[in-house]
Amino acid sequence: MSSDFIKYWVGQTISNLGSSFTQWAVPLLVFKLTGSPLNLGLATAAVFLPYLLFGLVIGAWMDRVDRKRTMIGLDLVNAAVILSIPLAAQLGHLSVWLIYAVAFIQSTVFIAFQAGEFAAIPSLVATDDLVTANGRIQATFSAAQVAGPLLAGLMVSFLSIAWVMAFDAGSFVISSVSLALVRRSFNVPGDEEKEPTTILHDIREGLVYVIGHPILRNISLMMALINFVGATTFTQLVLFAHERLDAGPREVGILFAAGSAGVVVTGLLAGRLRKRFSFTALAMTSLMLMGGLEVVFAGMRWFWVAIPVWAAVQGLGILFNINTGSLRQAIVPNQLLSRILSIAGVLAWSAIPAGALVGGAIVEATDNVALVYGVIGIINICIAAFFRFFTALGDAERYVEERKAEERRISAEAAPAV
């Protein structure tokens, strides 16, 4: 890993830790102000809505700007927006509508930052190290999801819930400094020499590229199916734990933490595994194993046995995500990366709320959450098998090698004659 990647990674690790404080604090503040489950749902909707409204436009926009400079500015905007909540609380003017607005703005900023990040990582590491880099980022992100709420819980003994969020604001400032210290550009040379185009043209170009590319088209379709089918396993976890494992709030917290711990382990192992196995073998096998363990988890009655099974399910799921994300980064030209991620994000995030609603209705109709979990596991196995044996994803390595050859050709043509 290059020194520039390490600077970037450290900054994002601190930022993710700070963000976990906010994720912990927001629902508590909303419930404290309103006492309403509906208001909690509206807070979640405020986070999802920007993906549907702005996802495609933001991705195309991030391909047109200086990504590093823009990401620094986005960090500073986030810091100011987050800080507005503790300041409003201090002045006695905190309202649930301010929290909704902050959630909406921060989610919008996150879409842009994530699109820039997706395009930045290939500038910081070699193609063969993409899985390792993405795995480390995902591992520290998940570690923050475990450590953040625990630390925030300790802080409320001497700080208010609102002022805990001030640490998140500070973490965004640290992230902006780490980005400023990175020497490499997050854009490929020559981007500024392109003929001017409109945002709509760039969105259309990205959509045509995804639809026309056999790997990207099939990844997008597969991810949408997996998210639609699998959304229920996470949204109904509390119900499953209560009915099948006789778990209370404390045990549910342990189960969530176990899932994050599983992600940390597989995230750190992702690079080593990718160097030993092809994308097809690693990604598709991990998805099949995840489906098989979901079937096992569906039959669980013993809480302490269910913990490692759930950790493995979450870990294998994120191993699949890391590899599909790294595959996109390896085969997509840099100038298209941000909008390709935004297209993938719109497809993925749109499928989650729809899948969660359908899954919830099925659980309610059957009154058998374990049966639904088992069927979901079987469907995930079938999805992986279909895309492994009947689509271009079964030969994904060929497209990676073709992209490497194209980059070598472009580099050779750009080299000065001797």
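Mean projected area of the Cα convex hull of the range 248-321, taken over all directions, amounts to 4.8 nm².
For the range 1-91, the Kirkwood hydrodynamic radius comes to 15.8 Å, computed from all pairs of different C-alpha atoms.
The spacing between the range 296-349 and the range 227-269, judged by their C-alpha centroids, is 15 Å. Result for the chain in a Gaussian network model with C-alpha springs under 10 Å: among Q90, Q138, Q106, the largest mean-square fluctuation is at Q90. Go ahead and set up a Gaussian network model of the chain, Cα springs under 10 Å, then flag whichever of S171, S160, S350 fluctuates most. Comparing S171, S160, S350 in the GNM, the peak value goes to S160. Which helices, taking whole DSSP H runs in the chain, have alpha carbons extending 27 angstrom or more along the helix axis plus mean Kyte-Doolittle at least 0.0? Length and hydropathy pass: 3-34, 37-62, 67-90, 96-124, 130-155, 214-235, 249-276, 303-331, 337-366, 369-390. Dimensions of the range 213-363 from C-alpha coordinates, computed as largest minus smallest value along each principal axis and given longest first, are 50, 36, 22 Å.
Across the chain, the volume of the C-alpha convex hull divided among the residues equals 147 Å³ per residue.
Using equal-weight Cα scatterers in the Debye expression, the normalised intensity of the range 304-418 in log10 at q = 0.09, 0.18, 0.22, 0.24 Å⁻¹ is -0.41, -1.18, -1.40, -1.44. Thinking of the range 129-222 as a set of Cα atoms, what percent of all their pairs are more than 22 Å apart? So the portion of pairs separated by more than 22 Å is 62 percent. Here's the picture: a label point sits 7 Å out from the Cα of F303 along the beta-carbon direction, and within the range 221-247 the residues with their amide nitrogen under 14 Å of it are 238-247. Among G170, G18, G35, which one moves the most in a GNM of the chain with springs linking Cα atoms closer than 10 Å? Maximum fluctuation in the GNM of the chain, among the listed residues, is at G35.
For the chain, the share of accessible area belonging to carbon and sulfur comes to 69 percent (1.4 Å probe, ligands and nucleic acids excluded). By the Cα gyration tensor, the range 100-257 has an equivalent ellipsoid whose semi-axes, rounded to whole angstrom, run 35, 25, 16 from largest to smallest. Neighbours of F118, meaning other residues whose beta-carbon lies under 12 angstrom from its beta-carbon, give a summed charge of +1 when Lys and Arg score +1 and Asp and Glu score -1. Say a paramagnetic label sat at a point 7 Å from the Cα of E364, along Cα to Cβ; which residues of the range 218-235 have their backbone N under 17 Å from it? Of the residues in the range 218-235, 232-233, 235 have backbone N under 17 Å from the label point off E364. Computed over protein heavy atoms with a 1.4 Å probe, the accessible surface of the chain works out to 46 Å² per residue.
The values are calculated or read from the model by the stated rules, or taken from the named source; none is laboratory data. Keep in mind it's a predicted model, so treat the numbers as computed, not measured. For neighbour counting, all protein chains shown are included, and Cβ atoms are generated from backbone atoms with ideal geometry for every residue, glycine included. Side chains are part of the model used for accessible areas, which takes the heavy atoms of the whole protein and leaves out ligands, DNA and RNA. Shrake-Rupley method; radii C 1.70, N 1.55, O 1.52, S 1.80 Å.
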